[in-house]
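Okay, structure first, notes after.
The values are calculated or read from the model by the stated rules, or taken from the named source; none is laboratory data. This is a predicted model, so every value here is computed, not measured. For neighbour counting, all protein chains shown are included, and Cβ atoms are generated from backbone atoms with ideal geometry for every residue, glycine included. Heavy atoms of the whole protein, side chains included, go into the accessibility calculation; ligands, DNA and RNA do not. Shrake-Rupley method; radii C 1.70, N 1.55, O 1.52, S 1.80 Å.
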Amino acid sequence: MLVFIDDRPVIHLVAQATDTTDRTGSYTFSGLNFGDDFSNRTLVALIHLVASGNNRIDQGSCTIGGVGAAGGDSGDAGPSPVGGAGAGVWAAKPSGTSGNVTVNFSTASASACAIYLYAVTDLASATPFAESFGSGGGGGITSDPTFPASMNGTLNVPSDAVHGAVIFGAASRANNTSAITLVGMTQQYDTTLDGSHRIAGGYAFRLPQETNRTVGLSTGAGNVIFGMEARSFS
């Protein structure tokens with residue numbers, strides 16, 4: 001049985017930013033709000049990368065407030081259908097009420113990047129417990145091999161007897177702006193990026209331990225490049 005020690009908000013959005021400039025190698029968002037610097041705060045960044053061309057834009061590393069973040073991404077690229085898209089979930093425990101977030105990615109050019117930054121109360125570790133797995137690849141949920149309109153994967157949720165566990169998920173689609181509905185979590189946003197692409201993100205908290213929780217995405221159109229990443233924490 002979970003025992004909740006108080007009624008504080010477990011998760012809240014502290015910053016959101018986009019950069020629609022074509023860049024190669026990295027995006028840096030400077031001076032983002034980190035919110036109050038309370039004890040045992042964890043910052044979780046949902047980061048979206050998209051490309052109009054067939055560019056593999058894998059997120060290799062991330063720093064939040066100068067601290068190396070734990071996590072990773074899921075993504076895919078063409079050549080057919082055209083496009084590149086990826087989404088990452090990264091977490092760290094920096095100090096301070098503001099700072100920079102940098103995401104480094106493979107050398108191909110990206111068309112745009114967006115970040116949604118959340119402050120989370122009392123996670124024991126910024127290192128994720130588990131990563132989502134779908135049918136398209138070894139980690140995350142991707143459009144390979146059949147480019148469907150919808151795809152689910154699984155995510156293991158750890159035990160946390162005090163607050164319950166937390167999961168975060170992010171999805172990006174290339175060259176398509178139709179709506180995205182996330183599965184297995186409460187969706188927090190679903191919006192167009194750079195006028196040509198679609199991104200969505202969400203989370204769930206105070207979760208009991210669970211093996212192979214269903215997570216994924218549902219959309220109205222198939223034959224589109226997408227990548228979705230979900231990770232669990234305690």
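By accessible area, using a 1.4 Å probe on protein heavy atoms only, the chain has 47% of its surface on carbon and sulfur.
Given 0.36 nm per residue, what is the gain on full extension from ARG206 to SER30 after removing their alpha carbon distance, in nm?
Details: separation 176, 0.36 × 176 = 63.36 nm, distance 3.14 nm.
Fully extending the segment from ARG206 to SER30 adds 60.2 nm.
For region 122-234, the solvent-accessible area of protein heavy atoms averages 35 Å² per residue (probe radius 1.4 Å; ligands and nucleic acids excluded). Dipole check for the chain: with +1 at the C-beta of Lys and Arg, -1 at the C-beta of Asp and Glu, and the Cα centre as origin, the magnitude is about 120 Debye. For the peptides 36-43, 60-67, residues were scored by their other Cβ atoms within 10 Å and the scores averaged per peptide; the highest-first order is 60-67, 36-43. Stretching THR146 away from THR191 to a fully extended chain increases their span by 13.8 nm, per 0.36 nm per residue minus the current alpha-carbon distance.
Cα centroid separation, region 13-50 to region 182-232: 18 Å. For SER61, the residues whose modelled amide H falls within less than 5 Å of its own, excluding neighbours fewer than 5 places apart on the same chain, are ASN104. Equivalent-ellipsoid semi-axes for region 3-150 (Cα gyration tensor, √(5λ), whole Å, largest first): 29, 19, 12.
Evaluating 6.51 cos²θ - 1.76 cosθ + 1.60 at θ = phi - 60° for every residue in region 11-27, the Karplus couplings come out as 9, 8, 6, 10, 7, 8, 8, 10, 9, 9, 8, 5, 9, 10, x, 6, 10 Hz, glycine and proline recorded as x. Computed from backbone phi, the HN-Hα couplings of region 170-180 come to 9, 9, 10, 10, 9, 6, 7, 10, 6, 5, 10 Hz, rounded to whole numbers (Karplus: 6.51 cos²θ - 1.76 cosθ + 1.60, θ = phi - 60°; Gly and Pro given as x). Under 5 Å from the amide H of SER143 lie the amide H atoms of PHE226, each residue being 5 or more positions distant or on a separate chain, with H modelled from the backbone and absent for Pro and chain starts.
For region 20-72, the per residue solvent-accessible surface stands at 40 Å², with DNA, RNA and ligands left out and a 1.4 Å probe.
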